[in-house]
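J.: The structure that follows is given in the form of structure tokens.
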Amino acid sequence: MTEGVVPLFIAGPFVPQEVFVTHVIIVLLALLIGVVAGLRSLTAPAVVAWAAAPAILGWLDLSHTWASWLGNTITVVILTILAIGELVTDKLPKTPARTSPPAFGARLVMGGLAGAALGAWPHWTFTALGAGVIGAVLGTLGGYQARKRLVAATKGKDLPIALLEDAVAILGAFAIVAVTGHVLTEYLLTAVK
């Protein structure tokens, strides 16, 4: 077998190992950003927008892709306001469960959007979209169960658990997009050599 080429039964004929490994990592990161969307639906696309905006973080280069609109300052402002609104309304007693059909559907859409955006530059949009949706399902159901059990363990104290969940979603999203930017930069530098 040729050195540095992934076997046919795994990735197809003559796929360089760097491409295969990078694709797998991006799909895993898209899955994780989907988990974030399952926890807080608007946090994932808002943080991706922050990372894609050259004037703000500029960690992801989405220019010349279908997702370039995410890097627009107006998009960043709108998504940030919506994400903050979601963080506030999540603490209200009349907020429906994340597993209700409209909330669950929104989490799937936002997880798919955020995941697809991570895979946009290397043209892995559809695999990243699928991973983002699967991650959103995992994050929605897992987050619901985790929060329910942690609230029960703290004798009904929901606010501290909700704030912990906010912190996990926000910090996790920033970590995911930072790693994605690093992986794609390394991939690009490897391709140029």
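J.: Once every DSSP H run of n ≥ 4 in the chain is given -39500 (n - 2.57) and the sum is divided by its residues, what mean residue ellipticity at 222 nm do you get, rounded to the nearest 500 deg cm²/dmol? Each step should come with its number before you reach the end.
T.: Numbers: 7 runs with 136 residues, N = 193.
Rounded to the nearest 500, the figure is -24000 deg cm²/dmol.
J.: With only Lys, Arg, Asp and Glu charged, each at its Cβ (+1 for the first two, -1 for the last two), find how big the charge dipole of the chain is about the Cα centre; round to the nearest 20 debye. Display every interim value, and only then the final one.
T.: Details: 11 positive and 9 negative charges, 171 e Å.
The calculated dipole for the chain is roughly 820 debye.
J.: I would also like to ask the following. What accessible area, in Å² to the nearest ten, does a 1.4 Å probe give for residue 41?
T.: Accessible area, nearest 10 Å²: 10 Å².
J.: Show 123, 182, 64, 23 ordered by accessible area, largest first, where the area counts protein heavy atoms only and the probe is 1.4 Å.
T.: Final ranking, largest accessible area leading: 64, 123, 182, 23.
J.: Where the centroid of each part is defined by its Cα atoms, how far is segment 74-142 from segment 153-177 in Å?
T.: Each part's Cα centre sits 15 Å from the other's.
J.: Same structure again: Using the Cα centre of the chain as origin and beta-carbon charges of +1 (Lys, Arg) and -1 (Asp, Glu), tell me which of 151, 114, 66 is placed farthest towards the positive end of the dipole.
T.: After comparing all options, I get 151.
J.: Kindly report the accessible area of segment 61-176 per residue (heavy atoms of protein chains, probe 1.4 Å, no ligands, DNA or RNA), in Å².
T.: Values: 6260 Å² over 116 residues.
Heavy-atom SASA per residue in segment 61-176 reads 54 Å².
J.: Now for a different question. Given a 1.4 angstrom probe, I'd like the percentage of the accessible area of the chain that is carbon and sulfur, rounded to a whole number. If you can, show how the numbers build up before the last one.
T.: Numbers: 7630 of 10240 Å².
The C+S portion of the solvent-accessible surface of the chain is 74 percent.
The values are calculated or read from the model by the stated rules, or taken from the named source; none is laboratory data. Predicted, not measured: the structure shown is a model, and the values here were computed from it. Please note: Cβ atoms are built from the backbone with ideal geometry, for glycine as well, and neighbour counts cover all protein chains shown. Only protein heavy atoms, including side chains, enter the accessible area calculation; ligands, DNA and RNA are left aside. Shrake-Rupley method; radii C 1.70, N 1.55, O 1.52, S 1.80 Å.
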